[in-house]
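The values are calculated or read from the model by the stated rules, or taken from the named source; none is laboratory data. Treat the numbers as computed from the prediction; the structure is a model and nothing was measured. Cβ placement follows ideal geometry from the backbone for every residue including glycine, while neighbour counts extend to all protein chains displayed.
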């Protein structure tokens with residue numbers, strides 16, 4: 001009994017210290033990113049977004065980021081996107097980045113899709129291309145299902161997807177994700193999640209082009225903003241939703257008439273190479289581009305070539 005009390009006491013001390021740690025300062029780049037954004041009020045909650053004008057002619061593009069990061073995921077590829085599209089909209093989902101992160105909220109993919117629809121209505125976007133990654137892939141599939149059934153507020157012109165767990169059977173969550181999914185333990189883990197753990201885990205899912213210390217610090221600062229790490233155990237429920245709504249979301253890919261491109265980095269331990277094979281065998285008329293030596297974050301690891309593949313795909317749609 002004394003040992004248990006001792007362990008609980010130690011955990012309590014560490015928790016008290018961590019809870020009172022100040023949030024990290026934002027770098028000049030991240031501060032500028034935040035400054036360029038605007039707030040959408042969604043049901044009394046603040047949703048951060050950036051609305052950038054482009055010099056291209058391919059219409060608007062909406063960018064949907066992954067877990068556990070934010071719209072800042074797109075910073076390295078944004079210059080190329082601005083060359084092709086008339087308008088680029090980048091948002092932080094509820095619970096991420098500079099958006100609100102309510103502690104007791106039940107986060108769902110359907111609600112994140114509602115937020116995207118609300119934003120398109122607010123910005124008077126009638127049709128748009130979509131670029132999605134990871135968590136954003138799942139939101140995009142919910143939007144695609146709505147598009148297929150004509151129950152959406154805007155028309156999807158095309159969909160470009162980057163590495164994401166489209167198929168639960170080929171998705172291999174990291175240890176921290178498994179822990180976050182575990183009742184009670186997930187809550188505790190979220191409160192002990194720290195920069196060193198994030199740095200190791202984040203770097204491991206990249207291919208040859210690892211994130212710089214500056215990159216890691218920026219992504220960590222965006223996570224810690226408004227204590228986002230404290231809601232990880234709630235946000236991670238999207239992995240359960242992928243199982244529950246597999247038929248709907250995979251079916252959306254199989255039934256759609258929207259042109260879809262998958263840009264896939266095979267050096268991804270979360271979605272290993274069997275993912276690409278299953279995608280080709282499951283989706284009618286699949287278009288899959290392999291990004292050699294690239295892992296889970298193609299847009300950060302090789303922004304130039306990812307941007308080039310995306311632009312070539314969109315240009316062919318207008319020929």
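Some notes on this structure:
- Selection status of residue 306, under 29 Å from residue 86 (Cα atoms), surrounded by fewer than 19 Cβ atoms within 10 Å (Cβ to Cβ) and at pLDDT 95 or above: no
- Check on residue 55, assigned to a loop (DSSP other than H, G, I, E, B), in contact with a strand residue (DSSP E or B) (Cβ under 9 Å, 6 or more places away or on another chain) and either at positive phi or at pLDDT 95 or above (or both): no
- Only helices (runs of 4 or more DSSP H) whose full extent lies in the stretch 132-248 are considered here, and the ones with at least 1 residues that are modelled with pLDDT of 95 or more and touching a strand residue (DSSP E or B) at 6+ places or on another chain (Cβ under 8 Å) are 135-148.
- Residue 227 in contact (Cβ under 8 Å) with a residue 60 or more places away in the chain, at negative phi, out of contact with any helix residue (DSSP H, G or I) (no Cβ under 7 Å at 6 or more places or on another chain) and surrounded by fewer than 19 Cβ atoms within 10 Å (Cβ to Cβ): no
- Residue among 238, 225 that is within 18 Å of the chain's Cα centre (by Cα) and within 21 Å of residue 131 (Cβ to Cβ): 238
- Meets criteria (out of contact with any helix residue (DSSP H, G or I) (no Cβ under 8 Å at 6 or more places or on another chain) and at negative phi) for residue 280: yes
- Neighbours by Cβ (under 8 Å, 6+ apart or cross-chain): first from the stretch 143-163, without any contact (Cβ under 8 Å) to a residue 40 or more places away in the chain; second in a strand (DSSP E or B) and crowded, with 18+ Cβ neighbours inside 10 Å: 143/130; 143/156; 154/128; 155/128
- Filtering 256, 212 for residues that are more than 18 Å from the chain's Cα centre (by Cα) and closer than 16 Å to residue 282 by Cβ leaves a single hit, 256.
- Entry remark, the stretch 110-131: residues being crowded, with 23+ Cβ neighbours inside 10 Å and in a helix (DSSP H, G or I) number 2 in total.
- For the stretch 80-109, a tally of residues being touching a residue at least 60 places away in the same chain (Cβ under 8 Å) and assigned to a helix (DSSP H, G or I) returns 5.
- Selection within the stretch 255-274 - out of contact with any helix residue (DSSP H, G or I) (no Cβ under 7 Å at 6 or more places or on another chain) and farther than 15 Å from residue 171 by Cβ: 257, 267
- Those residues of the stretch 58-78 which are part of a strand (DSSP E or B) and more than 18 Å from the chain's Cα centre (by Cα), in sequence order: 60
- In the stretch 265-290, of all residues being touching a residue at least 60 places away in the same chain (Cβ under 8 Å) and either assigned to a helix (DSSP H, G or I) or closer than 25 Å to residue 84 by Cβ (or both), the one that is nearest to the chain's Cα centre (by Cα) corresponds to 265.
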